[in-house]
Amino acid sequence: MRYLFFIIISFSLSFANAHIFVYHRFADDRHQSANTSIKELTKQFEYFKKHNYKVVPLDTILDKLKNKETIPSNWIALTIDDAYKSFYTSGLDIFKKYNYPFTLYVYVEATDKRYGDFMSWEQLKDASKYGTIGLHSYAHPRLQNLSKKEIIKDTQKAYDIFIKNLNIIPTTYAYPYGEYTQDVKSILINNFNFKALLNQSTGSVNKNTRLDDIPRIALVGKVNIEHKLRYKSFNVKWYEPKEFPKNGILKKVYAKVDKKIKHLKLYITSEGWRDVEVKNGIVDIPLNIYLKRARTRVMLGTDVFTISNNIINKVKRKGLNNVK
Ligand SMILES: [Zn+2]
């Protein structure tokens, strides 16, 4: 009975959902806000193994997305940002032990200029035997604050140095800080040939997920991995907000959802959750909220785990007008 209930819920509200996680540092107590201990990593990997999750290469999920095929719910892809040395000295052994593939995103300037905390090109070459290496910008800027020219320059520089040193063509790109705007996204799509662009937000991947907007759930410190795996994507067509409001005031939320839905939960950073009514598949909520955080999350969901995540980032420079 419980099983049947689960099936009905799954089919009525969402599609099969895989999860993509992002790690940063390993076994590095100096940086608690980005660290995963080996004990914690092992605990998560044991959980995947015990509960029949399959850790697949990111590309395997991307191929399914490209072909608009259903992605099994027990699939997981693991990514690591920045290519800190601690992945090579501490994390990699655990990935090897479990035979789990990964995609490692390189902050090219840090590796190229041999900043102390980062992997060398040699170490990246060695790591590439067990996983895939992707691009994570040259100078790790907040892309939304750069001009179109600066974004192209940073990315091209990263791309060229990456290929020269690794002899690998990077096929995916992870936004620095996971942050972007619609303009940043179109600049990368129109000028580079990446198979996928990855952000950092709570969500899951199903056949409706866009290749230029792949959500990754950050895993830092001790996490309840069972909860993280419960996240499912809820299908929402967002109209408002699409960008961080220029005067910082969020005036309304406007979105379209399945017509069968009558009630939803709305979340706004610093405001928390509220219940909202849906009429004929339209969510139209007038608001007047001054957004205090430069990175604001607006979510709609049928519950706190079945959500559509809309992250808007404040643009601190005027460089990016009329780029399209
Ligand atoms: Zn980063």
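The values are calculated or read from the model by the stated rules, or taken from the named source; none is laboratory data. Please read all numbers here as calculations on a predicted model, not as lab measurements. When we count neighbours, we look across all protein chains shown, and the Cβ atoms used for this are built from the backbone with ideal geometry, even at glycine. In case anyone asks, the SASA skips ligands and DNA or RNA and just uses the protein heavy atoms, side chains included. Shrake-Rupley method; radii C 1.70, N 1.55, O 1.52, S 1.80 Å.
Quick notes on this structure:
- Test for Phe87: is it in contact with a Ser or Thr (Cβ under 9 Å, 6 or more places away or on another chain), open to solvent by less than 60 Å² (accessible area, probe 1.4 Å) and within 15 Å of the ligand (Cβ to nearest atom): no
- Across segment 126-139, not a single residue is classified as of a type outside the set (S, T, N, Q), modelled with pLDDT of 95 or more, within 15 Å of the ligand (Cβ to nearest atom) and closer than 21 Å to Trp238 by Cα.
- Taking segment 285-299 as the range and being touching a Lys or Arg at 6+ places or on another chain (Cβ under 7 Å) and either modelled with pLDDT of 95 or more or among the basic types (Lys, Arg) (or both) as the test, the residues that pass are Ile285, Pro286, Leu287, Asn288.
- Residues in segment 249-300 that are closer than 20 Å to Tyr231 by Cβ and among the aromatic types (Phe, Trp, Tyr) were compared, and the one that is surrounded by the fewest Cβ atoms within 10 Å (Cβ to Cβ) is Trp273.
- Subset of segment 156-182 (residues that are in a helix (DSSP H, G or I), open to solvent by 20 Å² or more (accessible area, probe 1.4 Å) and modelled with pLDDT of 95 or more): Gln156, Lys157, Tyr159, Asp160, Ile161, Ile163, Lys164, Asn165
- Looking only at segment 186-217, and only at residues there that are surrounded by fewer than 18 Cβ atoms within 10 Å (Cβ to Cβ) and outside any loop (DSSP other than H, G, I, E, B), the one that is farthest from the ligand (Cβ to nearest atom): Asn190
- Scanning segment 94-125 for residues that are charged (D, E, K, R) and more than 20 Å from Gly221 (Cβ to Cβ), we see that the one that is least open to solvent (accessible area, probe 1.4 Å) is Glu109.
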